[in-house]
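Report on the following structure.
The values are calculated or read from the model by the stated rules, or taken from the named source; none is laboratory data. The shown structure was predicted, so the numbers you read here are calculated from the model rather than taken from an experiment. Cβ sites come from the backbone with ideal geometry, for glycine too, and all protein chains shown count toward neighbours. Accessible surface areas use protein heavy atoms only, side chains included; no ligands, DNA or RNA. Shrake-Rupley method; radii C 1.70, N 1.55, O 1.52, S 1.80 Å.
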Amino acid sequence: MLSRLPDCVFPWQLARSRRSIEGYVPFSQMPRLAYELLDQKGYAQAKLKFDYDGKDRYFIQGKIEACLNLTCQRCLHGLMTTIDSIIQVGLMVSLSEIPLWPDEYEPWIVKPAETASLWSLVEEELLLSIPIVARHPVGECTKGEIYQLVELYRKEIR
């Protein structure tokens, strides 16, 4: 069985020891994401590999998966959206390091002796992966409130 992902970790130490961490984060522990969801049931699953290369770069590579219950912007009913995101995060001490990294790495500013929240990292990745406008494909919406308002308007203008 999958265990809960630890929240506070020392990412630089994990990268130095080339550790992998796998686990889940309940949606109820992600307040910014919870605001976007119809309900907080469920969790995100993360597989993270902490590592470093020969150029003194410390990084995290991994995968974050979740099934989110969003609101369809056409019909205002639930829309299950699957997120399957590959991440590459560079551990950096300051913003000045960003230009030194390849573009495919997202910066994560954290000092080597500090802890950082993996839950926040997972939440941020999910927020960035949510569609700008969540909606069912055309013709698949249930006849919700918007549909009823449009139909009512059409009847009034006839």
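Highest average first, the peptides 57-63, 121-127 ordered by how many other beta carbon atoms sit within 10 Å of their residues are 121-127, 57-63. The simple spin-label model puts a point 7 Å past each Cα toward its Cβ; for residue 88 and residue 28 those points are separated by 3.7 nm. Per-residue packing, averaged as other Cβ atoms within 10 Å, sorts the ranges 128-138, 45-55 into the order 45-55, 128-138, beginning with the highest. Accessible surface calculations at 1.4 Å, restricted to protein heavy atoms, place the chain at 62 Å² per residue. In this structure residue 28 has an accessible area near 70 Å², from a 1.4 Å probe over the protein heavy atoms. Ignoring any ligand, DNA or RNA, what whole percent of the accessible area of the stretch 4-51 comes from carbon and sulfur when the probe is 1.4 angstrom? With neighbouring chains kept in place, the figure for the stretch 4-51 is 46 percent. The protection proxy used here, the mean number of other Cβ atoms lying within 10 Å of each residue, ranks peptides 8-16, 106-114 as follows, highest first: 8-16, 106-114.
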